[in-house]
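The values are calculated or read from the model by the stated rules, or taken from the named source; none is laboratory data. Small disclaimer: the values here were computed from a predicted structure and weren't measured. Note that we place each Cβ from the backbone using ideal geometry, even for glycine, and neighbour counts take in every protein chain shown. Note: areas computed on protein heavy atoms with side chains; ligands, DNA, RNA excluded. Shrake-Rupley method; radii C 1.70, N 1.55, O 1.52, S 1.80 Å.
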Amino acid sequence: MVKVIASSVRKGNVLDVDGKLYVVLTAENFHPGKGTPVTQVNMRRIVDGVKVSERWRTTEQVERAFVEDVNFQFLYEDGEGFHFMNPESYDQVVVDAETMGDQKAYLQEGMTCVLSMHEGIALAIQLPRHVTLEIVETEPVVKGQTASSSYKPAILSNGLRTLVPPHVDAGTRVVIATEDNSYVERAKN
């Protein structure tokens, strides 16, 4: 176990609190005008999935569990969960829907993801920063709106909604940031 200060805890980290492992869902640092700064951490207990909220002073020490980050390739999804394969050893791992969370919308066959593994169990997943998706539905292009800084709503091929520039039309492939589902640019290919 490694001791780190609470303010350095990030989403996806695995912490050991009172001998139990937790995966961090959100971590925010608060700096009030008066008083000591605190770190608010929402996490899920790995054993039974119970969600817990903790608050530590930003300088307090917390134990971070040793987790190995390994590249895995997404294969498919079935009733069991999401199947990934290690491209070097060909070992397969099944990740349950709760661990995947809302990130499952971005999964594409053959996509390389980083799984945080602890004793052969996938605790958390990190997707690539950007994915390329097609716009299925959006408002039509209005002539003369190309220089406008306003955005219009669009529905992506994975079913999620995002905002795109006015000159982007349905059928266009765009690059989307997986972190916040925001438009980055038009796809180059």
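Could you give each residue of the stretch 37-48 its phi-based ³J(HN,Hα) in whole Hz, using Karplus coefficients 6.51, -1.76, 1.60 with θ = phi - 60°, and x for Gly or Pro?
x, 10, 10, 9, 10, 9, 9, 10, 5, 5, 4, 10
Output wanted: per-residue J couplings in Hz (rounded whole) for the stretch 80-93, from phi through Karplus 6.51 cos²θ - 1.76 cosθ + 1.60, θ = phi - 60°, x for Gly and Pro.
6, x, 9, 9, 10, 10, 6, x, 8, 9, 6, 5, 10, 10
Over the stretch 68-126, with the other protein chains present, what is the accessible area per residue in square angstrom, probe 1.4 angstrom? Could the numbers behind the result be given before it?
Values: 3290 Å² over 59 residues.
The answer is 56 Å² per residue.
Could you go through the stretch 126-134 in sequence order and give the Karplus-derived ³J(HN,Hα) for each residue, using 6.51 cos²θ - 1.76 cosθ + 1.60 with θ = phi - 60°, rounded to whole Hz, and x for Gly and Pro?
Taking θ as phi minus 60°, the curve returns 10, 7, x, 4, 10, 10, 9, 10, 9 Hz for the stretch 126-134.
Taking a 19 Å limit on the Cα-Cα distance, which of the listed pairs Lys3/Lys34; Lys3/Lys51; Lys11/Lys104 fall beyond it? Don't skip to the end; give the middle numbers.
Numbers: Lys3/Lys34 27 Å; Lys3/Lys51 22 Å; Lys11/Lys104 16 Å.
The pairs that break the limit, which is 19 Å between Cα atoms, are Lys3/Lys34; Lys3/Lys51.
For the chain, give the magnitude of the charge dipole about the Cα centre (Cβ charges: +1 Lys/Arg, -1 Asp/Glu; no others), in debye to the nearest 20. Show your work: numbers first, answer last.
Numbers: 19 positive and 26 negative charges, 198 e Å.
Result for the chain is approximately 960 debye, rounded to the nearest 20.
Using just the helices of the chain, give the 222 nm mean residue ellipticity in deg cm²/dmol: DSSP H runs with n ≥ 4 each add -39,500 (n - 2.57), and the total is spread over all residues, rounded to 500.
Numbers: 1 runs with 4 residues, N = 189.
Mean residue ellipticity at 222 nm (helix-derived): -500 deg cm²/dmol.
Of Leu115, Phe74, Leu163, which is farthest on the positive side of the dipole of the chain, counting Cα position, with +1 on Lys and Arg Cβ, -1 on Asp and Glu Cβ, and the Cα centre as origin?
Leu163
Distance in nm between label sites at Glu109 and Gln92, each 7 Å beyond Cα in the beta-carbon direction?
So the two model labels end up 1.5 nm from each other.
On a 1.4 Å probe surface of the protein chains, which of Glu134, Glu179 comes out largest in accessible area, and what is the full order?
Numbers: Glu134 80, Glu179 175 Å².
Sorted by accessible area, descending: Glu179, Glu134.
Relative to the present Cα-Cα distance, how much length would full extension add between Lys11 and Arg173 at 0.36 nm per residue of separation?
Details: separation 162, 0.36 × 162 = 58.32 nm, distance 2.90 nm.
Using 0.36 nm per residue and subtracting the Cα-Cα distance, I get 55.4 nm.
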